[in-house]
Every structure is written in C-alpha cells, then in structure tokens.
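What follows draws every value from the coordinates through simple rules; no lab data is involved. Predicted, not measured: the structure shown is a model, and the values here were computed from it. Neighbour counts are summed over all protein chains in view; Cβ atoms, including those assigned to glycine, are modelled from backbone coordinates with ideal geometry.
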Amino acid sequence: MTAYLLTILVVMGIYMLLALALDLQYGFTGLINFGLAGFFGVGAYASALLTLKAGWSPLASFPAAVALAALLAWPLGRVALRLRDDYLAIVTLGFSEVVRLVLVQEQWLTNGVQGIPGVPRLGASWGDTGFSTGLLLALLVLALIVTVALLRRVTHSPYGRTIQAIRDDEIAVRVLGKEPARFKTQVLMLGAGIAGLAGAFYAHYMTYIVPDQFVPLLTFYIWMAVIMGGVARLSGSVVGAVLLVVFLEGVRFLRGVIPGISDADMGSVQLGVVGLILILFMRWRPQGLFGARGAR
C-alpha cells in the first residue's frame, strides 16, 4: 500500500510540472502547445542516455535534459511563432510525433520500440527501492517548489505583464514597440525546459522508458488538468494535476463495480470517463476551479 501511495505522489508531482509548463505557455502567453509530450520524451531519453551510455550521475543529467528540451524549442519557436496560433498547434503536434518516430527509428541510440531498461533510480546505491523512491519524491517536491516560485516571480514581473498583454492583444504590444515573437520563443523554451525536467524525473522513477509512453494522449491529459484547475492560475495547475491523477486512478476501480469489463476494455472506459469529466467541467465550470467566475 505504501509503495502504491508513493507511486501516486510521484506521478502527481510529474503531472504538476507538466501542467505548470503548459499553463505558462497557454494560460499566461496564449501559446497553443499540443507537443508537450515531445519535450517530456526528450527530457526522459536525454537523462536516461547520459546516465547509461555517457556514465553521468543521474542528478548531473537533469540539467542537461532541461537544456536539451529548451534548445529544441528554440528553432520550433522561431519558425512556428511567426504563424497564426492554430498553425503553432499543428506544428507542435507534428514535433511531438517526429520525436516519437525518431525514438522508434534510431535503434542504435534509443533501442527503438524495445525501449531503454535499467535506468538507475536516484540514490539506488544508497538503500532499497523504498528509500530511492522517497529520495526521488523529496527532490521532486523541491523541484516543484522552485518551479512555482520561479513562475510566480516571472508572471508577477513586468515580463509577466508583457506576455499576458501578448495573450490578450498582440497587436497592441507591437504598437508599443515590443516584438511578441521573441517573448513567445522564450516562454516556449522555458516551458519546454520544465517539461524536460519532468521527463528526467519520469525516466529515473520508471527505470524503463519506451516511445509509446510519450504519445499525444499524455498532452491531452495535461490540457485537461490545466482546464480543470483554471487557466493562468499556478495553484490551479497544481490542483488540476492532483484531480487528474485521482480521476485516472479512480476509474481503475470501476472494474469491480461494473460487470463485464475486461482488462483490455479498461483503457477505453478510462478515456471515456475522463472525457465525460472534461465535458462536465466545460459545461458547469469552464473557468476551472481557481479561475475567475464568468471567465471562459
């Protein structure tokens, strides 16, 4: 039971990081990013490969995973952010699929569809599995605190007011002499770096990563967390991630309540229930739990 609770807490923490990254991009800047899973996968694979093939310590690989994910967002931003927002959504979704296909095809590096096993857990050499999981959870909580503090400082600064102005009226920002593309690229890179950090934590917790773990469905789940919690609300992103994991795990217990559901059918039932919850939120609480009443 303790191991299960630790697993739930770790997954919640990882989803919180992803939700914070998306909320910075979409909630505060208006960037529609459908490729979050791609940056998440880049961080996971970068940390795993540097640890296993380059001999780096797990902690040393974390900054490299963040940097690589952020750097990959730079050319994507320079190209896509000169287009309309709907084109950015298409480009980021395409980027996510390109990343997954590269992970599948480049077997010499990523081991293809067989994935990468044996990724070391943080502190695994110091104690048993329970100790290493507790250490990873403690570092994850610390990373969340630092991330929230950083994003709060960013969003409440003149820089934060600028990106929110870009979200609300980009033409007015241009008239004031500022270049929105530069700010959008920076925000896209910062959010990608946070997603890469989440990926590094994921790799060193799961100890086995495979391309199918980084599909667009993951991005959909994080969008749902941000919508449920409230757009442009850091606290909403945190609470939304908690609710998302509670819903996803709670659906698993439906198998014991609804007769005739096999293990193979549970994935479809889970997706259907999650979609229904999202529809109910959009109907009765479109601004999210922490959004301003009347906002949509």
Response to the item:
Treating only Lys and Arg (+1) and Asp and Glu (-1) as charged, each at its beta carbon, one finds that the chain has a dipole about its Cα centre, in Debye to the nearest 20, of 820
Item to complete: Just rank Val273, Val146, Val239, fewest to most, by other beta-carbon atoms within 10 angstrom.
Response: Val146, Val273, Val239
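Once you keep just the Cα pairs under 8 angstrom separated by 6 or more residues, what percentage relative contact order results for the chain?
Relative contact order, the chain: 32 percent.
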Item to complete: Compute the distance in nm between two label points, each set 7 Å from the Cα along the Cα-to-Cβ direction, one at Ala138 and one at Leu280.
Response: 3.9
Discussion item. Need one word for the range 1-108: rounded, prolate or oblate. Basis is the Cα gyration tensor (sqrt eigenvalues a ≥ b ≥ c); a/c below 1.5 gives rounded, then a/b vs b/c decides.
Written reply: oblate
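Ranked by Cβ crowding within 10 angstrom, fewest neighbours first, how are Phe95, Phe131, Phe214, Phe253 ordered?
Going from least to most buried by this count: Phe253, Phe131, Phe95, Phe214.
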Worksheet entry | Cα Rg, Dmax (largest Cα-Cα span) when computed across the range 1-56, Å | 14.7, 41
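So what are the chain's ellipsoid semi-axes, whole angstrom, largest first, if each one is the square root of 5 times an eigenvalue of the alpha-carbon gyration tensor? Write down the numbers at each step before the final one.
Values: eigenvalues 176, 121, 69 Å².
After diagonalising the Cα gyration tensor, the semi-axes are 30, 25, 19 Å.
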Worksheet item: What is the order of Thr155, Thr2, fewest Cβ neighbours within 10 Å to most?
Response: Thr2, Thr155
